[in-house]
Amino acid sequence: AEDSTLESYYQEKPEGAYTTELHDARSVVWETLRPFRLKLLRLAPAKFIHFGTTREILALMSGGTKEYEALSWSDKVNSSIDGDTAGYNSVLSGKAQIGEKCYLEVSYVHSRATVGSHVLLSYIDVHDETIPDNVVLHGLKQKDGRFVCRIYGVEDNPKETKIFGQELSEIVHRLGIADSDLWDTDDRTLWMAKLYPECDTVKEAVAAALNVYDLVHGSGDIESWKNTDRKSLCSGFGDADPAAIIAWNQRMRELVRMDEIAKDIRSGKPARETGKLAPLTRIQQEWLAKRYTRSDFSEIIRLNYYIGTALGGKAGDPYISACFRTISDTILADTMGTLRYNDTCRMVMDRHTVKLPLRVNWGGGWSDTPPVCIEQGGTVLNAAISLNGELPVEATLIRIPEKKIVFDSRDMDVHGEFDTIEPLQATGDPYDPFALQKACLLACGVIPKEGGNLDEILTRLGGGFEMHSEVTNVPKGSGLGTSSILSAACVKAVFEFLGIEHTEADLYSHVLAMEQIMSTGGGWQDQVGGVTPGIKYITSRPGIRQELTVEHVEISENTKRELNERFCLIYTGQRRLARNLLRDVVGRYVGNEPDSLYAMNEIQKVASLMRFELMRGNVDAFAELLEHHWELSKKVDAGSTNTLIDQIFAAIENMIAGRLVCGAGGGGFLQVVLKRGITKEMVHKRLKEVFQDNPVDVWECELI
């Protein structure tokens, strides 16, 4: 009002005592509001809504807000709560047990808590406690750093002399305590009763409050209650630390956001739809660290991915990277635990060469990739092929008299010699030119994963050796599985060179271990496709340790002949970027993108149907499924195709019955099944008409 003065404002009677803090607060209020003038607008019709009592606030929040939905009122305000429970700035674990018509105010109810009906929790954490029906539980940090938790009945009035409907004087008599134990004033109301022990922690304060409830109801520990410093509703409120109240509010705002992310993950909400997140505070980082300790593999990778997505940009990159690092580190740790040193093998020949084919992926590709196969298992159909009449993947081992191991890769143009064991045991560097060869020796047990003496090992083996490996006449980034099949060639060559008895399943498992040691991030279908001839139907069950079941699909000679006539490889002239594609595809899966999840499931069904149609000799139906798989692949990753690939397919649209990219796509080779009556020469001529001097062309291949 115009006639008011700051001095008269200072003198207005407060609810408590005059203090320096009150004086300073009134100064700020005056400075902030004094420039403004107030005008009263009388609204008609209008309704005055009062919720100043416990009973009123519970009634409002447990149903009353529905009357005011037009005003955007809600029973959940900045809260991570599912179900009917109301909340303001609060978290309710989905695993907690809670009754009806409850209201959480700046509180956290954890997974093992049990909360009754008609309960109001305020500024409190409840972990594994059981909270009875019809109570208020209110926590306050005191100025001395300790905590008080006040408990009373929903129907209680602090101005009266009852708690939980019982007279305080009767309770004093029943417990055998003196009035002075409860009051130090003539005011014998609930407001002034020293009921609530002051404790060092919030959890201790909650336990002490529940003991008060038990004492009133005929049980509880009276001695522990008597031996504590206690506060009344009045003194607990008066001694509360305002800064702690503000900090608790901020803490809960931060925890609400983190719990929302955790619930988004559990509900399958896509990561891109989760709300934005500011850089993590100390409290949020602590929450995340604790969450890691009790989360499984699937939740850990998604916590990182969702948080990284919510942060966005550079702030989110470390968390996205941590997601992928967790995948590779988890698999690597399990793999390294399975490695066994072979201290009995010997060289059984002076020179040995293994040549392997390439593979074409027909159905289920991507389902063999971690973490998809770890969480769901994988299903893949692929086939071994020769390229231009050759088996292009080759590994050769040669005995030498010198006590050293020599790696030579002609296609990579690298050469290295090792006469000590430590460099051979160093793995995990993605830029190591000899990562493949080192991983092979570790996976096959030729050298131990730690310790040992190379000179002694080579003496037992019968000398040193050279390992030559190369892929000939195949473009880089072909999509035909060359790098993984080269791993398989090395494992097979080592086994046979050193006389290590093995089965086909041993080859698959050791190559898989080798791939994990290299931390390539890829799946297992490539090496299986090229280790042995023929069409393979490969499955695995969910689990960190992938155990493969490989079925050789038997088809008739007529079907094989028809496939070789109608199956055609087309080179795009572009190199695919598998690592970027892999990160995008895995990210979409981990981020619960609906199209990706649907397609990941469907492509495994397609692989099974492909096997069925091939076994009964229906190449046309197989081609239709290949075409369907192509549409699904684009849902898994839009980067599977690009302008050039679309142009190639468009140029031969009327000549093909089915199409699919090889490998991850984005370049390398394309595969098509030709319509009946169409020859590979006809496709070649059409491509040359359209693309002329471009390297886009048909390459000769054959199922073997």
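Summary table below
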| quantity | calculated |
| --- | --- |
| Calculated FRET value between Asn601 and Glu653, using beta carbons and R₀ = 30 Å, to 0.05 | 0.60 |
| Distant-in-sequence amide H partners of Arg359 (H built 1.01 Å from N, under 5 Å) | Ile385 |
| Contour minus Cα-Cα distance for Ile246 and Glu170 (0.36 nm per residue) | 23.5 nm |
| Unmatched cysteines, the chain - criterion: no other Cβ of a Cys under 4.7 angstrom | Cys102, Cys149, Cys199, Cys234, Cys323, Cys345, Cys373, Cys444, Cys568, Cys662, Cys701 |
| Accessible area expressed per residue, the stretch 528-609, with surrounding protein chains retained (probe 1.4 Å, Å²) | 47 |
| Average Cα contact separation per residue, the chain, under 8 Å, 6 or more apart, as relative contact order % | 10 |
| Principal axis dimensions, the stretch 547-704 - Cα atoms, whole angstrom, descending | 44, 39, 25 |
| For q = 0.10, 0.23 Å⁻¹, Debye-computed log10 I/I(0) when each Cα of the stretch 1-115 counts as one equal scatterer | -0.56, -1.14 |
| Theoretical ellipticity at 222 nm over the chain - DSSP helices of four or more residues, -39500 (n - 2.57) apiece, nearest 500 | -13000 deg cm²/dmol |
| The stretch 193-323 - convex hull of alpha carbons, volume per residue in Å³ | 152 |
| Cα→Cβ-extended label distance, 7 Å offset, between Ser321 and Val29, nm | 5.2 |
| Inverse mean reciprocal Cα-Cα distance (Kirkwood Rh) of the chain, Å | 31.1 |
| Efficiency of FRET from Cβ geometry, Thr549 and Glu681, R₀ 35 Å, rounded to 0.05 | 0.30 |
| For Lys76, distant residues with modelled amide H under 5 Å away | Gly87 |
| ³J(HN,Hα), Karplus 6.51/-1.76/1.60, whole Hz, each residue of the stretch 286-294, x for Gly, Pro | 5, 4, 5, 4, 5, 5, 4, 5, 10 |
| In order through the stretch 226-231: 3J(HN,Hα) via Karplus (6.51 cos²θ - 1.76 cosθ + 1.60), integer Hz, x for Gly, Pro | 5, 8, 10, 6, 10, 10 |
| Estimated dipole of the chain in Debye, rounded to 20 [Cβ of Lys and Arg +1, of Asp and Glu -1, Cα centre] | 1360 |
| The stretch 427-577: Rg to Rh, with Rh as the Kirkwood radius over Cα pairs | 1.01 |
| Carbon/sulfur fraction of accessible area - the chain, other protein chains in place, 1.4 Å, % | 51 |
| Coarse-grained scattering of the stretch 407-463 at q = 0.21, 0.23, 0.29 Å⁻¹, given as base-10 log I(q)/I(0) from a Debye sum over alpha-carbon atoms | -0.84, -0.98, -1.33 |
| In nm, spacing of pseudo-spin labels at Asp419 and Ile400 (7 Å Cα→C-beta vector) | 1.1 |
| Cut-off 18 Å, label 7 Å out along Cα→Cβ of Thr185, residues of the stretch 13-33 by amide N | 13-19 |
| In Å, descending, principal axis extents of the Cα set of the stretch 265-374 | 63, 37, 26 |
| Ranked order, Leu597, Leu43, Leu233 - accessible area, probe 1.4 Å, largest first | Leu43, Leu597, Leu233 |
| Length gained when the stretch Lys688-Lys39 is fully extended (0.36 nm per residue, less Cα-Cα span) | 225.4 nm |
| Residues whose placed amide H lies under 5 Å from that of Gln546, excluding near-sequence neighbours | none |
| 20 Å reach of a label modelled at Leu6, 7 Å along Cα-to-Cβ, counting backbone N of the stretch 30-61 | 30-38 |
| The stretch 527-606 - charge dipole about Cα centre, Lys and Arg +1 at Cβ, Asp and Glu -1, debye rounded to 20 | 360 |
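The values are calculated or read from the model by the stated rules, or taken from the named source; none is laboratory data. In this text, all values refer to a predicted model and were calculated from it rather than measured experimentally. We place every Cβ from the backbone using ideal geometry, glycine too, and count neighbours over all the protein chains shown. Note: areas computed on protein heavy atoms with side chains; ligands, DNA, RNA excluded. Shrake-Rupley method; radii C 1.70, N 1.55, O 1.52, S 1.80 Å.
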